[in-house]
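So the structure is just underneath, and the comments pick up after that.
The values are calculated or read from the model by the stated rules, or taken from the named source; none is laboratory data. Note that the structure is predicted; figures quoted are calculated from it, not measured. We place every Cβ from the backbone using ideal geometry, glycine too, and count neighbours over all the protein chains shown.
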């Protein structure tokens with residue numbers, strides 16, 4: 001963003017937020033000078049201003065951002081039709097059958113330069129033998145760079161990095177690993193499966209061990225399965241009239257549904273809730289969200305609001321259920337979604353929930369295997 005007579009905000013401490021005049025806004029992008037000061041995306045603007053009071057804050061232009069994303073993906077598709085969009089500004093490209101003898105680094109450099117010269121912004125390109133290594137390489141030194149991370153380069157380039165730098169390692173997992181003396185990806189790669197399983201559960205331990213050693217067999221998925229809705233319900237052993245008990249049940253159901261939505265890579269824009277009375281009469285409501293979501297708190301809050309509309313707080317309830325529909329894999333998310341300063345907390349809570357769900361799933365599987 002360069003205006004006539006204005007400084008290039010990429011070269012000064014600057015951020016993009018939903019509403020620069022509202023200090024409750026969340027940062028959706030930060031310049032490299034801002035990042036060097038410790039300012040991060042998803043951080044409240046008020047916190048960033050405490051770090052650097054002279055921070056330049058600009059409002060994001062969503063439509064322009066979306067146009068840039070579509071142009072970026074369009075150029076990438078010309079290099080290979082086997083493409084999986086990972087976010088609004090990231091994608092995986094399988095070049096296996098489309099290099100035609102060309103050097104992969106030279107091809108990646110040509111792609112990077114074409115995006116810069118055509119669209120006016122820079123990108124980093126990571127080159128690797130699988131999706132994990134390519135993603136990790138793309139996060140190396142920025143901007144406007146091409147980096148490789150082949151499997152033989154993992155010990156030198158990846159193992160010295162902190163465990164949080166490994167794809168899919170969240171804050172809670174990092175804290176657990178650091179508490180047990182596992183500080184680098186190399187430490188994680190050399191840890192025995194038994195010890196790692198005790199820390200994070202069998203399924204997640206296997207993924208972490210494979211990823212820390214640079215192994216990832218997931219394909220570049222150009223198509224995704226379709227689904228109409230995801231729902232769950234809970235039937236009570238005895239009809240309940242306690243509002244707190246009903247809210248706890250709704251909370252648990254919302255957690256299950258949102259977890260399934262995230263597990264399958266969806267977001268949904270329609271939330272529905274129903275209750276069934278002891279005579280099997282059903283009351284239900286549904287609403288449309290401003291933007292698709294996979295965040296438990298967003299789904300739960302809408303369900304709570306609708307539950308208050310259909311239940312009088314006295315009639316005994318036999319069953320409560322919740323569903324999310326109008327599912328999409330579309331990676332575009334309106335920037336207004338990030339304006340709630342609690343959103344990062346909600347997402348961190350969801351990441352912890354998903355990790356715990358995976359561990360419980362592994363525990364049930366082990367119990368079944370012992371019983372068998």
> Of the numbered conditions (1) part of a loop (DSSP other than H, G, I, E, B); (2) under 24 Å from the mean Cα position of the chain (by Cα); (3) modelled with pLDDT under 95, residue 71 satisfies every one except a single condition; which is it?
Replying inline: (1)
> For the stretch 4-27, what are the residues that are modelled with pLDDT of 80 or more and either within 21 Å of residue 144 (Cβ to Cβ) or assigned to a helix (DSSP H, G or I) (or both)?
Replying inline: 8, 9, 10, 11, 12, 13, 14, 15, 16
>> Need the failing condition index for residue 33 against (1) at pLDDT 90 or above; (2) touching a strand residue (DSSP E or B) at 6+ places or on another chain (Cβ under 9 Å); (3) assigned by TED's automatic domain parsing to the domain that holds residue 123, just the number.
In response: (3)
> From the set of residues in the stretch 87-117 that are within 17 Å of residue 217 (Cα to Cα) and touching a residue at least 60 places away in the same chain (Cβ under 8 Å), which is surrounded by the fewest Cβ atoms within 10 Å (Cβ to Cβ)?
Replying inline: 94
>> Looking at the structure I just gave you, is residue 341 surrounded by 18 or more Cβ atoms within 10 Å (Cβ to Cβ), assigned to a loop (DSSP other than H, G, I, E, B) and modelled with pLDDT under 85?
In response: yes
